[in-house]
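A short reminder: the numbers here are calculations on the coordinates, not readings from a lab. Owing to the predicted nature of the structure, the values given are computational and were not obtained by experimental measurement. Cβ: placed from backbone, ideal geometry, glycine included. Neighbour counts: every protein chain shown.
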Protein chains: 2
Amino acid sequence: MTEKNQISFKRACVIGVGLIGSSLALALREQKLAAKISGVDRDADVLARAQKLGVIDGGETDIEQGVRGADLIILSTPVGAVGAICEALAHAAEDGAIIIDVGSVKGAVAQAATTLPDRLHFVPCHPVAGTEQSGPEAGFATLFKDRWCILTPLARSDAPYRAAVKSAEALWSAIGAEVEIMDAAHHDLALAVTSHLPHLIAFTLVGAADDVESVAHGEVIKYSAGGFRDFTRIAASDPVMWRDVFLNNRDAVLEVLGRFSEELAVMQRAIRWGDGKALEDAFARGRALRRAIVDAGQETPAPNFGRDRESGEPV
Amino acid sequence: MTEKNQISFKRACVIGVGLIGSSLALALREQKLAAKISGVDRDADVLARAQKLGVIDGGETDIEQGVRGADLIILSTPVGAVGAICEALAHAAEDGAIIIDVGSVKGAVAQAATTLPDRLHFVPCHPVAGTEQSGPEAGFATLFKDRWCILTPLARSDAPYRAAVKSAEALWSAIGAEVEIMDAAHHDLALAVTSHLPHLIAFTLVGAADDVESVAHGEVIKYSAGGFRDFTRIAASDPVMWRDVFLNNRDAVLEVLGRFSEELAVMQRAIRWGDGKALEDAFARGRALRRAIVDAGQETPAPNFGRDRESGEPV
């Protein structure tokens, strides 16, 4: 994208001032893409903290008040809230406003956007970035740098809408993301594989590990460096956000979960039968895939994610 | 442990000079616990590289040659090789030698040790530490620092054996590990929970993700920051080592895998039925467990394992 300097907004309004909303506000500010940034959040304390942190210039707990005068509206709430927000925006948002979201599910978001009038331009977006932390304190301006952001434009071909899609692309590029455009259904399947299923598995493993009565809770913690601790990172993600992902991407998640369960049954049988060759062959696939992810710039090459760096581990 | 300065060995022999063997050799050297450290490896090239790196003073490809004069013998091979090595040690090792291993399974190792005469003192050990990398180049002296090392002594109560167990404890303490003693069966169940099942799940997920035909291999890599990349770390671990873990800890792994599968079926049903409350309640458990692991010093508090530190993320 070369349009970095061609976009700027009079007033951006971030609805939902958590990890992602705050990071986006900070990135917009750093790149001087919005003259003013306001926030909307149900929680007045979150707004006060975000303002104190310099994330937003001011905030409102009421959406209709909050979006007044905004030419860019960013939805960064759990996906389940998008429908009700669109209903509020339908009459409260300014003519011509560009609306983007950051949800991990795109089909349900496109469905929610059908209540919006054509004078508003909703471009569904999913920046594939985050941490396991929540709240405005967790936000940082470089969260989206070198990460992919997937846009799934609505089925509209009018010129103002096409211009809005271009602006959304330019916005993400300006804050360091790589932009990809695809249809919502493909997005929802691809992300079911690379994000939703991994989270489901991690949440499930954390629950199952703590339920083996003969192994003490303290032992699960003490010996977690054997591998378990890796899973607890994404299992520490926001429960409401993830509840909404699974409620809104049911079919794709059940499809990839079915494939995982089949593969797990194959592994289980190989263990039961003592089939060392099958196990070794299956295990050998991991290194190549990790190397490809590191080579693509989506992962650190440092052993143990570099988390033991301070202890003298080579990097 | 206060015995740090009370142990020292004339000659340590490390059988299997990979990540763990090299790290242990470097740690012994740093703490001046062995006057001389030799290596044994089937691969002469590994020995040459390890010697060049200063990990070992010299090496042999033949076990019987290699262990001559050694008063400390360290087995750091895949668990499946321990039986054959014990057979060789039965006649080649010096009277009174202390033998320790580092295997992730302890019941099978204890079984393999039954071929040893009483003049040799085998203390099964499992340092719960590692990285996803392999080979002598991956070793570093602080790998075991602040990690737990579990000892599962054999059913022997003679004084020389009890002294050997004390020496093994002192050795691990001297290189920074926390020592815990338990029986082999309990170890194998606890580690099936915190290490073996997580690895099996990670290997399986990596295989399953790459098998969804309608999602391109490149997409799995590009969008891996959504969660998938976390799993690829442990799935990049040594396939032969892990094959041997599953072949040698079958019953405990099948037991905890059964529990995981049940829990996964419950989650699957909650998704299918749209039971948001069940999902949210299950997901809410993750944060507390991760916090406990961080508080126990077994994990970094930095978001994303600190791997994005260079990009300006707060730590």
Square roots of 5 times each gyration tensor eigenvalue, C-alpha, chain A, largest first, Å = 38, 22, 20
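Quick check: net charge around B:Gly96, other residues with Cβ under 10 Å of its Cβ, Lys/Arg +1 and Asp/Glu -1?
-2
Pairs of Cα atoms under 8 Å, at least six residues apart: use those to get the relative contact order of chain B, whole percent.
Values: 496 pairs, mean separation 50.4, N = 315.
Taking the mean separation of contacting Cα pairs over the length of chain B, I get 16 percent.
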How long are the three semi-axes of the equivalent ellipsoid of the range A:4-183, in whole Å, if each is the root of 5 times an eigenvalue of the C-alpha gyration tensor, listed from largest down?
-> 21, 19, 16
The base-10 log of I(q)/I(0) that the Debye equation returns for the range B:186-274 at q = 0.12, 0.13, 0.20 Å⁻¹, one scatterer per C-alpha, is -0.46, -0.54, -1.05
Selected from A:Leu53, A:Leu72, A:Leu154 as most flexible by GNM, with chain A as the system and alpha-carbon contacts under 10 Å | A:Leu53
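On average, how much area does the Cα convex hull of the range A:48-154 cover when viewed from any direction, in nm²?
Quarter of the Cα hull surface area: 6.9 nm².
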Residue farthest toward the positive end of the dipole of the range B:186-274, with Cβ of Lys/Arg at +1 and Asp/Glu at -1: which of B:Leu254, B:Val212, B:Leu189?
-> B:Val212
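Using a Förster distance of 25 angstrom, determine the FRET efficiency expected from the C-beta separation of A:Lys10 and A:Gln111, and round it to 0.05.
On the way: r = 30 Å, r/R0 = 1.19.
Calculated value: 0.25.
Kindly work out what percent of the DSSP beta bridges joining two residues of chain B are antiparallel, to the nearest 5. List each step's numbers first, then the result.
Numbers: 3 of 27 bridges.
Beta bridges within chain B, antiparallel portion: roughly 10 percent.
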Student exercise, the protein assembly as shown dipole from Lys, Arg, Asp, Glu Cβ charges, in Debye to nearest 20 | 880 debye
Hey, what's the Cα Rg ratio for the protein assembly as shown versus the globular rule of thumb, 2.2 N^0.38 Å?
-> 1.07
Select from B:Asp57, B:Asp45, B:Asp238 the residue whose mean-square fluctuation is largest in a Gaussian network model of chain B (Cα-Cα springs shorter than 10 Å).
-> B:Asp45
Residue mean of other protein chain beta carbons inside 10 Å, A:134-147 = 3
Counting DSSP beta bridges with both ends in the protein assembly as shown, the antiparallel % (nearest 5) | 10 percent
Taking GluC sites (Glu not before Pro) as exposed when DSSP calls them loop (any state but H, G, I, E, B) and at most 14 other Cβ atoms lie within 10 Å, what is the longest stretch of chain B free of them, the sites themselves excluded?
-> B:4-212
Any chance you could check the Cα centroid distance between the range B:122-170 and the range A:167-184 for me, in angstrom?
-> 51 Å
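Need one value for B:214-220: mean number of C-beta atoms belonging to other chains within 10 Å of its residues' C-beta atoms.
On the way: counts 5, 9, 2, 2, 2, 11, 6.
If you average over the peptide's residues, the count of other-chain Cβ atoms is 5.
Please give the net charge around A:Leu289, taking every other residue with its beta carbon less than 10 angstrom from that of A:Leu289, where Lys and Arg add +1 and Asp and Glu add -1. Don't skip to the end; give the middle numbers.
Details: positive: A:Arg285, A:Arg287, A:Arg290, A:Arg291, B:Arg229; negative: B:Asp210.
Around A:Leu289, the surrounding residues sum to +4.
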Which residue, B:Ile56, B:Ile73, B:Ile201, tops the fluctuation ranking in a GNM of chain B built on C-alpha contacts under 10 Å?
-> B:Ile201
Relative contact order of the range B:186-274 (C-alpha contacts under 8 Å, at least 6 apart) in percent is 46 percent
PRE zone check, label point 7 Å out along Cα-to-Cβ of A:Asp95, amide N under 16 Å, scope the range A:34-71, hits A:69-71
So how far apart, in nm, are the two label points at A:Glu30 and A:Ala278 if each is 7 Å from Cα heading toward Cβ?
-> 4.9 nm
Here the net charge surrounding A:Asp158, from other residues whose Cβ is less than 15 Å away from its Cβ (Lys, Arg +1; Asp, Glu -1), is +2
